[in-house]
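Note sheet for the following structure.
The values are calculated or read from the model by the stated rules, or taken from the named source; none is laboratory data. As the structure is a computational prediction, the values presented were derived from the model and not from experiment. Using ideal geometry, Cβ is built from the backbone for each residue, glycine included, and neighbour counts are taken over all protein chains shown. The area values use the complete protein model at the heavy-atom level, side chains included, leaving out ligands, DNA and RNA. Shrake-Rupley method; radii C 1.70, N 1.55, O 1.52, S 1.80 Å.
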Amino acid sequence: MATLELIGFGSTGWGALLLLAALMTLCVTASALAIGAVLGAIISAAKLSGKTSLVALGNVYTTVFRGVPELLIIYLIYFGGSSAVTSIGKALGYEGFLGLPSFLAGALAVGIISGAYQAEVFRGAYLAISKGELEAASAIGMHRGLRFRRIIIPQVLRFAIPGLGNVWQLSLKDSALISVTGLAELMRTSQVAAGSTRQYFLFFIVGGALYLILTSLSDRIFNGAERRANRSMPTAAMGKA
């Protein structure tokens with residue numbers, strides 16, 4: 001009973017705080033995925049452009065941010081960003097330390113990492129589009145913008161869903177590393193609860209269970225999106241022409 005009360009939702013329990021931390025984890029992961037989608041689209045376009053300089057730039061980005069440890073990138077963004085903000089503040093006459101917000105630093109760091117993986121997902125999805133479909137769109141008079149909107153984007157998203165699901169799961173787990181910035185996400189809250197109550201095994205097990213619930217629900221959502229996309233896409237793009 002004491003254990004149940006400890007992790008319950010009353011005024012003396014940690015259950016509500018852990019659920020709020022799980023919500024924070026989802027928010028920071030979703031933000032990171034959105035940042036990564038923008039960066040990934042830009043980098044994949046660079047790698048598909050055929051221009052030597054852009055291809056080299058894209059390769060450097062994906063190689064560096066997939067090869068450097070995630071924790072190091074988070075440290076660089078958080079502490080390096082805070083130093084940069086402080087320097088700008090001093091240049092404007094403000095004295096004192098200006099720290100980069102933990103949420104912003106974490107979302108940006110995980111988003112940059114996510115962007116390196118999403119770039120390869122988008123590139124592979126584009127290469128999976130049937131060349132005959134693109135040629136048919138050109139043959140019926142679709143201009144480049146219309147072809148991009150009605151053929152390329154829907155098909156890329158369709159082929160990218162499985163890969164994006166994997167990137168989401170990776171980012172969800174990487175979000176635990178943001179705890180080093182002090183953000184009250186699931187890992188950080190589990191640590192604080194364990195340290196405050198000295199029930200380390202209990203709260204780390206509860207935290208792990210919540211991560212497992214989040215990843216399992218996410219997996220079902222992405223699987224459902226993939227099935228729906230595969231049912232609706234074969235004729236939808238050309239039918240809108």
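If you roll a 1.4 Å probe over region 50-121 with all protein chains in place, what percent of the accessible area is carbon or sulfur?
71
With the Cα gyration tensor of region 21-74 giving a ≥ b ≥ c as the square roots of its eigenvalues, does the rule (a/c under 1.5 for rounded; else a/b larger than b/c for prolate; else oblate) give rounded, prolate or oblate?
Oblate shape, in that a/c is at least 1.5 and b/c is the bigger or equal ratio.
Here are several values of semi-axes √(5λ) of the Cα gyration tensor in Å: (i) 40, 26, 13; (ii) 43, 19, 16; (iii) 23, 20, 18. Which one was derived from the coordinates shown?
This structure yields the entry labelled (i).
Ratio of Rg to Rh for region 2-134, alpha carbon only, Kirkwood?
1.16
Once every DSSP H run of n ≥ 4 in the chain is given -39500 (n - 2.57) and the sum is divided by its residues, what mean residue ellipticity at 222 nm do you get, rounded to the nearest 500 deg cm²/dmol?
Only helices count here, giving -25500 deg cm²/dmol.
Students often check this: by mean Cβ neighbours within 10 Å, which of 150-161, 55-66 ranks highest, and how do the rest follow?
150-161, 55-66
Suppose R0 equals 35 Å. What FRET efficiency, 1/(1 + (r/R0)^6) with r the Cβ-Cβ distance, do R198 and L20 give to the nearest 0.05?
E between R198 and L20, to the nearest 0.05, is 0.95.
Percent relative contact order of the chain, based on C-alpha pairs within less than 8 angstrom and at least six residues apart?
Relative contact order here is 24 percent.
Treating only the Cβ atoms of Lys and Arg (+1) and Asp and Glu (-1) as charged, compute the dipole magnitude of the chain about its Cα centre; round to the nearest 20 debye.
940
Treat region 111-170 as a sphere of radius equal to its Kirkwood radius over Cα pairs and apply Stokes-Einstein at 10 °C in a medium of 1.306 mPa s; give the translational diffusion coefficient in µm²/s, rounded to a whole number.
129
Counting residues in region 83-135 as N, plug N into 2.2 N^0.38 Å and put the Cα Rg over that result.
2.04
Under a 1.4 angstrom probe, counting protein chains only, how are M142, M24 ranked by accessible area, largest first?
Largest accessible area first, the list is M24, M142.
Mean Kyte-Doolittle of at least 1.0 plus a Cα span of 18 Å or more along the axis: flag which DSSP H helices in the chain meet both, please.
The answer, listed by residue number, is 15-48, 102-127.
Let a ≥ b ≥ c be the square roots of the eigenvalues of the Cα gyration tensor of region 106-241; is it rounded (a/c under 1.5), or, if not, prolate (a/b larger than b/c) or oblate?
Here region 106-241 falls in the prolate category.
Label-point separation (nm) for S130 and R228, each offset 7 Å from Cα along Cα-to-Cβ?
About 2.4 nm separates the two model spin labels.
Under 8 Å for C-alpha pairs, at least 6 residues apart: give me the relative contact order for region 107-241, rounded to a whole percent.
Dividing the mean separation by the residue count of region 107-241 yields 29 percent.
If I stretch the segment between V85 and L146 completely, what's the gain in nm (0.36 nm per residue apart, minus their alpha carbon distance), one decimal?
17.7 nm
Out of I77, S102, L172, whose Cα points farthest toward the positive end of the dipole of region 61-179 (charges: +1 Lys, Arg; -1 Asp, Glu; placed on Cβ)?
After comparing all options, I get L172.
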